[in-house]
Amino acid sequence: MGGDGATTFDRVVEFCDGWMPIMRPNQNPVEKIPVLRERLQKAGRDPKSAPVGIFFAPPKREGLDALEKAGVSRAIFGVPSEARDAVLPRLDNLAKLIR
């Protein structure tokens, strides 16, 4: 489930098998991962039963390493709607970040 509203974790805990917030300037959903894990555990669920993926993850190794350290299991990059010649080199650069 996406989102980062006041009731998002209620729905994630009750119905979902993951959380996928959007990373925005001046908002870091990674800081909320421990809260989600705690909520899952209090509900009797394994905290690892709801992996976290981040939309618009930073396309730099140090940013991805920080996400991984915080418990993010999937990074989703933003790619612009542009011509093939503009997008393919960007995808090649992103592919170099994949482990």
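No lab work stands behind these numbers, since they all come straight from the coordinates. Just so it is clear, the structure is predicted and the values come from calculations on it, not from any experiment. Backbone-built Cβ (ideal geometry, glycine too); neighbour counts: all protein chains shown.
Points to keep in mind about this one:
- Exactly one residue out of 15, 77 is exposed (fewer than 10 other Cβ atoms within 10 Å of the Cβ), under 16 Å from residue 2 (Cβ atoms) and hydrophobic (A, V, I, L, M, F, W, C): that is 15.
- Restricting region 11-23 to residues that are part of a helix (DSSP H, G or I) and touching a residue at least 12 places away in the same chain (Cβ under 8 Å), the residue that is nearest to residue 46 (Cα to Cα): 13
- Scan of region 26-47 for residues that are over 28 Å from residue 96 (Cβ atoms), exposed (fewer than 15 other Cβ atoms within 10 Å of the Cβ) and within 14 Å of the chain's Cα centre (by Cα), ordered by number: 34
- Subset of region 70-99 (residues that are basic (Lys, Arg) and assigned to a helix (DSSP H, G or I)): 84, 90
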